[in-house]
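Every number here is computed from the coordinates shown, using simple stated rules; none is lab data. None of the values given here were measured: they were computed from a predicted structure. Glycine gets a Cβ as well: all are built from the backbone with ideal geometry, and neighbour counts include every protein chain shown.
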Amino acid sequence: MKIIVFCILCIGVLASPLTKAKLNNPLPKAQYVQHIPYKSAALKVANKQQAAKLVKSRMGGKVLSVKAVKGQQAYKVKLLKDDGRIVSVFVNAKTGKIKG
């Protein structure tokens, strides 16, 4: 009995004039939401400035340089630590993890 009532309700909704109007009159192209590619939307670190800020906040010291790593979604960050050592680390742009 429940299935019959459910089917009748579904048919009523699909057959309503409001649903038909929506199906027959799609939105103009100007009103569609712009598609954002998955790769750029998934990055936790989107640019060199964010990579530098992330490394400095986690490791301290002074950022000397930041370079994008060719062929990978990563950044190489050089730091001058408080004790005078120079350290190079890699930041994974997708995950935000620091290695090195």
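Brief remarks follow.
- Per-residue extension of 0.36 nm, minus the Cα-Cα distance of Leu43 and Gln73, leaves a gain of 9.9 nm for this segment.
- Spin-label pair Ile8/Lys56, simplified geometry with 7 Å Cα→Cβ offset, distance in nm: 6.9 nm
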